[in-house]
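Okay, so here's the structure we're looking at.
The values are calculated or read from the model by the stated rules, or taken from the named source; none is laboratory data. Quick caveat, the model's predicted, so the values are computed rather than measured. Cβ placement follows ideal geometry from the backbone for every residue including glycine, while neighbour counts extend to all protein chains displayed. When the accessible area is computed, the model is the full protein with side chains, heavy atoms only, and any ligands, DNA or RNA have been set aside. Shrake-Rupley method; radii C 1.70, N 1.55, O 1.52, S 1.80 Å.
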Amino acid sequence: MRISFNWLRELVEIKLTPEELAHTLTMAGFEVESVEDRRTWADGVVIGKVLKREQHPNADKLSVCTVDIGDEETLNIVCGASNVCADIYVPVATKGTYLPNIDLKIKPTKLRGVPSNGMICSLKELGLPTEIDGIHIFRQEGLILGRAVGPLLGLDDVILDVTATANRADALSMVGIAREVAALTGGKLSLPQLTGVEITPSTAQKIRVKISEQHACPLYIGTLIENVKIAASPEWLQRRLIAAGVRPINNIVDITNYVLLERGQPLHAFDKQRLEQVSEGTDVTIGVRFAQAGETLKTLDGQTRNLSTQNLLITANNQPVALAGVMGGEETEIHPGTTSLFLEAALFNSVAIRRSSRSIGLRSEASGRYERGVNWAELATASDRALSLMQELADAKVVHQEIADYRPDNALGNHPIILRLERINQVLGPIDLGVETGELKAADVEKILTALGCELTDNQDGSWQVKVPSYRYSDLEREIDLIEEIARLYGYDNFVDTLPEKTEPGYLPLDQELVRKLRSYLRAEGLTELMHYSLVKPGEDRQILLNNPLFAEYSALRTDLISGLIDAFEYNLQQGNGALNGFEIGTIFSREEEGLEESQVIAGIMGGDTTVGRWFNGGRENPMTWFAAKGILENVFQQLGLQVEFQPENRDRRLHPGRTASLWLGGARLGTFGQVHPQLRREKSLPDAVYVFQLDLDTLLSTLDNDELLTPKFKPYSTYPASDRDLAFFASVKVTVGEIEKVITKAGKGLLESVEVFDEYRGENVPIGQRSLAFRLVYRAVDHTLTDNEVEPVHRKIRESLVEKFGVTLRS
């Protein structure tokens, strides 16, 4: 919000410079984004009078003017404005003046051969908005030549661009900032004294108010005003609006904007005759309701808005005339011929206004304040302020007023808050007293809160009952809110900022450390970490749908990560980036019988030809095999020290029924690994072989939370040679290699160092339903070289165990 320093000084005593005030506000939590010193815009520009105007001898569009600025000698100035003439008072930039808004320094010069010793200025050249194409002409009387033009044009002011935090709706007004400055500096408040507005009954047709959406509009004050004279606003009012960045229009509209800036309360004025035309009758009832689908409204900006059921409307006999709390309608706006009007002052629900404004993509000064929440207790004050100004500046006569008040009894939130001194010091810590430190005293607390407008009752036990002022009900609701205000006004820089005497090195929690290790192992295997939105399209089973989504295509929470990874793989191929090998760690959500559940998982996708150059295989692609993809997972598990078992599975219809496995860790299901189903692969135009996995991160981390895995122990290695044996046999295809390796490892425990499958064959000379497998078994002792007499018994035991367990047919 743009704050006029001169206007602010009329509301509160200020002894600080604008720069000092900006620093004070910033340190108190109100960021001052810029300080606009307008005093430099017209430094050297004075009031002058054009004594004579003659046509330039060498240019049709130039004039030669003789200008008196109160000096002994007059100035000869060449002017190009079409509205310059004799006997007018104008702003004159004298020799040596610098105009920062047009980056021009005034020097004596010649224009088409005629000397010019100054410049007659337009408002635009002085940095002020204007609709006049030409120089500015002063209309005031009693002007003194040679006086600075700054005070006449409002250029003796400094503008502070202040940003208030979202919880401080009260600070979006001059009165709110004045109260804040008074609390920070101890300055005396001088707010305008308001008196009740006199209502003069009239025989004219009254306008009734009937609110159907009482939750969306708990309070509505409608005032009927007659004998209005529409004219330009006085200079002081226009200057204040311009300083705040608001364009003056006419006295009525300017008054509503002025009260908005001064009090933070949006108001809107309707032309009474136009209301009657829209409602098709003189008996008008103003209402508040939500729009119906298909309704339209042409707003003041000239745009025809297509309305939805989220838009809150002001109606006249049920006909839309304004977007409540956002913008008025063009059909009922104030115009130069307006003689009677209806003034609206209302409280609207902040959520309703936010949804309405967002649904049509329209934000205004009014909607911004309603969204944060306006003062529920001072609506009548703002209305009376506007009415008194209309009586003063537009000769208006107030003839009728309707009030519809549906506020609940506790709407003003006047319940006391218990505040404890001990809790204040516990939260804020010691204060800096110069040589030593101390604590906040009761007197400090009472002084600060009293300055904020709070009423304190001492409980005589180190605590107070605090009643906050009406304009702070929305953000001062709890004890901690009051403590924050105490810290803010006492000054954050006055609290001790010493570090603890003994510092300790930081460390990561175990789960974060393990996740970082897991990430590094997966990256080492050539996988890139990916990130997706948790919001996805609806349509899957057990999905959790959002009640108020931003977009329909992002209205559900994801139930797994695999779908997103497959879509990412497809997108990368479409963009010409090649195969995507990546992983993602994230949260998935589901709706179960017990309620809503969420869990952390890690998923990945691999496939395509991962080689960079293909010259060695004639340019042909070399797709990743099932075993290569499985090997990536096994390498990660090996680095983590985990023994993970793969078992055949056929549960996920997105995966190949014969090339999918469930992963098990210590008897607990860890996740799924498999190849993308050929049908889905064709639909997505994926390479021949694409593999995905998804693991439960909580199961993985709980298993890794083991001292033996976290702190690996050194195992002495043998310096003696190994003895290896090959073992070949026919086994049923239903028996997995993992099951066979478990039996071999158990039977050879003691001497068996490793077992590895090195050959598989299916085809000729192999019984139907079986396959030929060959394993290499390595035996080794720690303290001596093994002999055949030691190895053979163990090897025989392994062969017998395989025959007994699986009925294999030994070939060697």
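Go through the stretch 99-108 residue by residue and turn each phi into a ³J(HN,Hα) via Karplus (6.51, -1.76, 1.60, θ = phi - 60°); whole Hz please, and just put x for glycine and proline.
Each residue's phi maps through the Karplus curve to give 9, x, 6, 10, 6, 9, 10, 7, 10, x Hz.
Near the amide H of residue 670, under 5 Å away, which other amide H atoms are found, from residues 5 or more places off or on another chain, if H is placed in the peptide plane?
Result for residue 670 returns 663, 664, 665.
So in the chain, what percent of DSSP beta bridges are antiparallel if you round to the nearest 5? Please list the in-between numbers first.
Values: 140 of 147 bridges.
The answer is about 95 percent antiparallel.
Classify the stretch 284-338 as rounded, prolate or oblate from the Cα gyration tensor: take a ≥ b ≥ c as the square roots of its eigenvalues, call it rounded if a/c is under 1.5, otherwise prolate when a/b beats b/c and oblate if not. Before the final figure, lay out each step's value.
On the way: a/c = 2.17, a/b = 1.35, b/c = 1.60.
The shape class here is oblate.
What percentages make up the Cα-Cα pair-distance distribution of the stretch 208-405 when the bins are 5 Å wide from 0?
Percent of Cα pairs in each bin: 1, 8, 17, 21, 23, 17, 9, 3, 0.
What helices does the chain have that are whole DSSP H segments, at least 20 Å long along their own axis by Cα, and with mean Kyte-Doolittle hydropathy of -1.0 or more?
TM-like helix candidates: 379-394, 510-524, 626-640.
Name the residue farthest towards the positive end of the dipole of the chain from the options 291, 406, 171, assuming +1 on Cβ of Lys and Arg, -1 on Cβ of Asp and Glu, about the Cα centre.
291
Mind checking which lysines have their Cα closer than 21 Å to the Cα of residue 210? Skip sequence neighbours fewer than 8 apart in that chain.
Output for residue 210: 272.
Roughly speaking, what is the centre-to-centre gap between the stretch 71-102 and the stretch 337-379 when only Cα atoms are used, to the nearest Å?
Taking the Cα centre of the stretch 337-379 as reference, the centre of the stretch 71-102 is 45 Å away.
Nearest 500 deg cm²/dmol is fine: what mean residue ellipticity at 222 nm does the chain get from its DSSP H runs of n ≥ 4 alone, each adding -39,500 (n - 2.57), divided by its residue count?
Details: 21 runs with 219 residues, N = 812.
Per the formula, -8000 deg cm²/dmol.
Using modelled amide H (1.01 Å from N, peptide plane; none on Pro or chain starts), what sits under 5 Å from the amide H of residue 305, excluding residues fewer than 5 places away?
Excluding prolines and chain starts, which carry no amide H, the hits are 297, 298, 299.
Taking square-rooted eigenvalues a ≥ b ≥ c of the alpha carbon gyration tensor, is the stretch 510-710 rounded, prolate or oblate, where a/c under 1.5 means rounded and, failing that, a/b exceeding b/c means prolate?
Working: a/c = 1.65, a/b = 1.10, b/c = 1.50.
In terms of gyration-tensor shape, oblate.
So which of 630/805; 15/49; 49/188; 537/734 end up more than 32 Å apart by C-alpha?
15/49; 49/188; 537/734
Using a basic spin-label model with each label point 7 Å from the Cα along Cα→Cβ, how many nm lie between residue 547 and residue 535?
1.6 nm
Please label the shape of the stretch 42-152 as rounded, prolate or oblate, based on the square roots a ≥ b ≥ c of the eigenvalues of the alpha-carbon gyration tensor (a/c under 1.5 means rounded; beyond that, a/b larger than b/c means prolate, else oblate).
Working: a/c = 1.31, a/b = 1.23, b/c = 1.07.
Because its axes are fairly even, with a/c under 1.5, the stretch 42-152 counts as rounded.
Would you grab the residues whose amide H sits under 5 Å from the one on residue 753? Only those 5+ places off in sequence or on another chain, please, with H modelled 1.01 Å from N.
778, 779, 780
Let me know the Kirkwood hydrodynamic radius for the chain, please, with Cα pairs as the basis and the value in Å to one decimal.
One over the average 1/r among Cα pairs gives 35.4 Å for the chain.
Using a probe radius of 1.4 Å on heavy atoms only, what accessible surface per residue do you get for the stretch 42-152? Whole Å² is fine.
Value for the stretch 42-152: 56 Å² per residue.
Multiply the residue gap between residue 460 and residue 647 by 0.36 nm, knock off their C-alpha separation, and tell me the result in nm, one decimal place.
Values: separation 187, 0.36 × 187 = 67.32 nm, distance 7.27 nm.
Extending this stretch completely gives an extra 60.0 nm.
Could you provide, to the nearest whole Å², the per residue accessible area of the stretch 156-215 with probe 1.4 Å?
Working: 2960 Å² over 60 residues.
Normalised by residue count, the accessible surface of the stretch 156-215 is 49 Å².
On the full set of protein chains, 1.4 Å probe, figure out the accessible area of residue 339 and give it in Å² to the nearest 10.
70 Å²
Please find the FRET efficiency linking residue 803 to residue 625, where r is the Cβ-Cβ separation and R0 is fixed at 30 Å, and quote it to the nearest 0.05.
Working: r = 31 Å, r/R0 = 1.04.
Between residue 803 and residue 625 the formula returns 0.45.
What does the convex hull of the alpha-carbon atoms of the stretch 422-475 project to on average, in nm²? Before the final figure, lay out each step's value.
Numbers: hull surface 18.0 nm².
For the stretch 422-475, averaging the hull's shadow over all directions gives 4.5 nm².
Using the alpha-carbon centroid of each, what span in Å lies between the stretch 490-543 and the stretch 708-770?
41 Å
Test of the criteria: in the stretch 775-812, which trypsin sites (Lys or Arg not before Pro) are in a DSSP loop and have at most 12 other Cβ atoms within 10 angstrom of their Cβ?
Working: sites: 776, 780, 796, 797, 799, 805, 811; in loops: 780, 811.
Counting only loop positions with at most 12 other Cβ atoms within 10 Å, the trypsin sites (Lys or Arg not before Pro) in the stretch 775-812 are 811.
Got a number for carbon plus sulfur as a percent of the stretch 723-810's accessible area, 1.4 Å probe? Walk me through the intermediate numbers first.
Values: 2520 of 5230 Å².
Carbon and sulfur atoms account for 48 percent of the accessible area of the stretch 723-810.
What relative contact order, as a whole-number percentage, does the chain give when Cα pairs under 8 Å and 6 or more residues apart are counted? Intermediate results must be reported in sequence, preceding the final value.
Working: 1513 pairs, mean separation 64.1, N = 812.
Relative contact order here is 8 percent.
Of the heavy-atom accessible surface of the stretch 186-286 (probe 1.4 angstrom), what whole percent is carbon and sulfur?
Working: 2140 of 4560 Å².
Accessible surface attributable to carbon and sulfur in the stretch 186-286 totals 47 percent.
Could you derive backbone 3J(HN,Hα) for the stretch 689-695 from the dihedral phi with the Karplus parameters 6.51, -1.76 and 1.60 (θ = phi - 60°), listing whole Hz in sequence and x where the residue is Gly or Pro?
Residue by residue, the stretch 689-695 yields 10, 10, 10, 9, 8, 9, 10 Hz.
Where in the stretch 147-230 are there GluC sites (Glu not before Pro) that are in a DSSP coil and have at most 13 other Cβ atoms within 10 angstrom of their Cβ? Could you put the intermediate results ahead of the total?
Numbers: sites: 180, 198, 213, 226; in loops: 198, 213.
Qualifying residues, ordered by number: 198.
In the stretch 1-74, which trypsin sites (Lys or Arg not before Pro) are in a loop and have at most 16 other Cβ atoms within 10 Å, using DSSP for the loop call? Numbers along the way, then the final one.
On the way: sites: 2, 9, 15, 38, 39, 49, 52, 53, 61; in loops: 15, 61.
Here the sparse-neighbourhood loop sites are 15, 61.
Just to confirm a number: summing +1 for Lys and Arg and -1 for Asp and Glu over residues other than residue 37 whose beta-carbon lies under 13 angstrom from that of residue 37, what do you get? Each step should come with its number before you reach the end.
On the way: positive: 38, 39; negative: 19, 36, 43, 156, 157, 161.
Neighbour charge sum, excluding residue 37 itself: -4.
If eta is 1.306 mPa s and T is 10 °C, what Stokes-Einstein diffusion coefficient results for the stretch 447-509, Kirkwood Rh from Cα pairs, in µm²/s?
Working: Rh = 14.4 Å.
My calculation gives 110 µm²/s for D.
Can you give me the % of accessible surface on the stretch 510-710 that is carbon or sulfur? Probe 1.4 Å, all protein chains present, nothing else counted. Don't skip to the end; give the middle numbers.
Values: 5300 of 11330 Å².
Roughly 47 percent of what the probe reaches on the stretch 510-710 is carbon or sulfur.
Among 341, 22, 130, whose Cα sits farthest toward the positive end of the charge dipole of the chain (+1 at Cβ of Lys/Arg, -1 at Cβ of Asp/Glu, about the Cα centre)?
Going by the charge dipole, the pick is 130.
Mind grabbing the accessible area of residue 211 for me, 1.4 Å probe, Å², rounded to tens?
Near enough 10 Å² of accessible area.
Alpha carbon centre of the stretch 107-139 versus the stretch 26-58: separation in Å?
12 Å
Within the chain, which is the longest segment that contains none of the chymotrypsin sites (Phe, Trp or Tyr not before Pro) sitting in a DSSP loop with at most 15 other Cβ atoms within 10 Å? Write down the numbers at each step before the final one.
Numbers: sites that count: 406, 507, 533, 551, 714, 717.
Value returned for the longest uninterrupted segment is 1-405.
Less than 19 Å apart at the alpha-carbon level, and either on another chain or at least 8 residues along: which lysines does that give for residue 52?
Hits, sequence-local ones excluded: 61, 110.
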